[in-house]
Amino acid sequence: MSFSISADFIGEQNRKNEAALAEDYAHLGRQLARRGIDIEQATQRAMAYAVAVPTWGVGTGGTRFARFPGPGEPRHLFDKIEDCGVIHQLSKATPTVSPHIPWDKVSDYSALRQAAAAQDLGFDAMNSNTFQDQKGQKLSYKFGSLSHANSATRQQAIEHNLECIDIGRKLGSTALTVWIGDGSNFPGQSSLSKSFDRYMDSLKQIYEALPKDWMVFLEHKQYEPAFYSTVISDWGSSLMAASELGPKARCLVDLGHHAPNTNIEQIVARLIRVQKLAGFHFNDSKYGDDDLDSGAIEPFRLFLIFNELVDAELRKAPGFSPAYMIDQSHNVSDPIESLIGSAVEILRAFVQASLVKRAELAEMQDASDALGGHRLLKQAYNTDVSPIIAEARRRKGGAIDPIAVYRASGYRNAKAKERPASGEVTAGIV
């Protein structure tokens, strides 16, 4: 019988921390009350927030140089769903998973949907893959996919995306995320104009096949694997494409897909303004597209992004309905621990941004009080909202200290025995 973490075990572990949490929560409540903030309202917001986890994220990742497999890695999609279920069971903030095709193809999608429901999970956006050649694939994507100079290769990539839509409909998804690695490594290798035109022609065929209630999320990336030019390299190219396609196309923001020192929160504000913000792939970055754990490097930047998001939510910005998902590569850590920790840090930034006094901030900005506005943001950011996040988890049946409970459960050791190493890569980013 497959090992699982019981609700009784979580309750037993929680009881060890309940008194300390109650004390910390009450203390924070008094602090916030002096600032005119209701801690109960903040807790309710924390309980309502959710972020999706990627199926590929529960496997050990790697770099182009090496990959070091971890014990108990998922062997197939149903194992991935089991691991994703544990993340949600403990964090109570990740109720949906985002599949990647063809990595996550199965023979019975009804059974997959039932398996996910048994873990209290649903399905988020589908992700297509035309940046790798797959076993048995007729034509190669070495020189591009949706923008390839060869029309048959483009058609193959189009049909793959249509298959993703079909699978997504069976799973209850309502969005398709499209990222292509198309570009060039040498000046003169391809036409910068024609490659974009071919991309648009291909994407229009995919767009026309979207069900009425579906969206397509366009993801840009500055470089890699194309090191000279990338077809959709920045938010301007993504916005240009989404605007030409129509209202069901929006721009996805991956936090690692930007040049150093880029003001990502300003990009977010601009996309909100034109009703083209699809949502996020949350991660963190030190040098480039590192796919590090969310909040591990620049937690203040994560907060500033959420400051824009909460502002748009509260002022009811037209068309504002972002999709949130984690997109990380866990090379040296237990992927489940990293995803739990990232969900916590994303929720922390959301709750902190919810503490910003919007009316006072507007007054400061209208008065051109530079330091005054900055101090208001820093006051919210410097507030330790850990008791709010922990209380939100406790009320929903999750763990007060989710990573500690995960470690105490012995889940990873149990899965290492249940899932003998196969030598095949079934998850993770390489």
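The values are calculated or read from the model by the stated rules, or taken from the named source; none is laboratory data. Quick caveat: nothing in here was measured; it's all calculated off a predicted structure. Cβ coordinates were reconstructed from backbone atoms using ideal geometry, including for glycine residues, and neighbour counts include every protein chain displayed. The area values use the complete protein model at the heavy-atom level, side chains included, leaving out ligands, DNA and RNA. Shrake-Rupley method; radii C 1.70, N 1.55, O 1.52, S 1.80 Å.
The tail of the calculated P(r) for the stretch 341-428 beyond 17 Å holds 66 percent of all Cα-Cα pairs.
Between the stretch 38-71 and the stretch 238-257, what is the C-alpha centre distance in whole Å? If we compute the Cα centre of each part, the gap is 23 Å.
The loop-placed chymotrypsin sites (Phe, Trp or Tyr not before Pro) in the stretch 248-292, going by DSSP, that have at most 14 neighbouring Cβ atoms within 10 Å of their Cβ come out as Tyr287. Put +1 on the Cβ of each Lys and Arg and -1 on the Cβ of each Asp and Glu in the stretch 293-430; which of Pro299, Ser338, Gln365 then has its Cα farthest toward the positive end of the dipole? Working it through, the farthest residue towards the positive pole turns out to be Ser338. Each 5 Å bin from 0 upward holds the following percent of the Cα-Cα pairs of the stretch 263-336: 3, 15, 24, 23, 16, 10, 6, 2, 0.
The chymotrypsin sites (Phe, Trp or Tyr not before Pro) of the stretch 213-258 that DSSP puts in a loop, and whose beta carbon has at most 15 other beta carbons within 10 Å, are Phe227, Tyr228.
Tell me the Kirkwood hydrodynamic radius of the stretch 288-405 in angstroms, computed as one over the mean inverse distance between distinct C-alpha pairs.
About 15.8 Å, per the Kirkwood formula over Cα pairs.
Quick one: Debye curve from the C-alpha atoms of the stretch 218-260, no solvent, what's log10 I(q)/I(0) at q = 0.30 Å⁻¹? Log-scaled intensity ratios, in q order: -1.04. Straight-line cross-link reach from Lys16 at under 18 Å between alpha-carbon atoms covers these lysines, not counting any fewer than eight positions away in the same chain: Lys396. Averaged over its residues, the chain has an accessible area of 45 Å² per residue, based on protein heavy atoms and a 1.4 Å probe. Separation of the stretch 347-378 from the stretch 170-203 is 39 Å, based on Cα centroids.
Remark on the chain: ratio of C-alpha radius of gyration to 2.2 N^0.38 Å is 1.00. Once the Kirkwood radius over Cα pairs is known for the stretch 197-349, the Stokes-Einstein relation at 20 °C and 1.002 mPa s delivers a diffusion coefficient of 132 µm²/s.
DSSP beta bridges fully contained in the stretch 211-345 are about 10 percent antiparallel.
Amide H contacts of Gly61: His330, Asn331, Ile429, each under 5 Å away and 5 or more positions distant or on a separate chain (H built 1.01 Å from N in the peptide plane; Pro and chain starts excluded). Pairs of alpha carbons in the stretch 102-162 separated by more than 14 Å make up 63% of all such pairs. What a 1.4 Å probe finds exposed on the chain is 51% carbon and sulfur by accessible area, rounded to a whole percent.
Less than 5 angstrom separates the built amide H of Asp124 from those of Val97, Ser98, all sequence-distant by 5 or more or on a different chain.
Using DSSP to define loop residues, name the trypsin sites (Lys or Arg not before Pro) in the stretch 1-105 whose beta-carbon has at most 11 other beta-carbon atoms within 10 Å.
Hits after loop and neighbour filter: Arg35, Arg64.
Phi-derived couplings, Karplus 6.51 cos²θ - 1.76 cosθ + 1.60 at θ = phi - 60°, listed residue by residue for the stretch 245-258: 5, x, x, 8, 10, 9, 9, 8, 10, 9, 5, x, 9, 9 Hz, with x used for Gly and Pro. Amide H to amide H, with H built 1.01 Å from N, Ala52 comes under 5 Å of Tyr324, Met325, Ile326, counting only residues 5 or more places away or on other chains.
Each stretch of four or more DSSP H residues adds -39500 (n - 2.57); spread over every residue of the chain, this sum gives -15000 deg cm²/dmol at 222 nm.
DSSP finds beta bridges in the chain, and of those with both partners inside it, around 10 percent are antiparallel.
Here the Karplus relation 6.51 cos²θ - 1.76 cosθ + 1.60, evaluated at θ = phi - 60°, turns the backbone of the stretch 28-36 into coupling constants of 5, x, 5, 4, 5, 4, 5, 9, x Hz, with x for every Gly and Pro.
The lysines within cross-link reach of Lys221, meaning a Cα-to-Cα straight distance under 23 Å and a gap of 8 or more places when in the same chain, are Lys142, Lys194, Lys204, Lys248, Lys276, Lys286. Might you report the magnitude of the Cβ-based charge dipole of the stretch 212-257 about its Cα centre, with Lys and Arg at +1 and Asp and Glu at -1, to the nearest 20 debye? Its charge dipole is roughly 160 debye. Note on the stretch 1-151: Rg/Rh from Cα positions, Kirkwood definition for Rh, rounded to two decimals, is 1.11. Computed from backbone phi, the HN-Hα couplings of the stretch 269-282 come to 4, 5, 5, 4, 4, 9, 6, 10, 7, 6, x, 9, 10, 7 Hz, rounded to whole numbers (Karplus: 6.51 cos²θ - 1.76 cosθ + 1.60, θ = phi - 60°; Gly and Pro given as x). With the biggest extent put first, the Cα atoms of the stretch 19-71 measure 53, 23, 19 Å across the principal axes.
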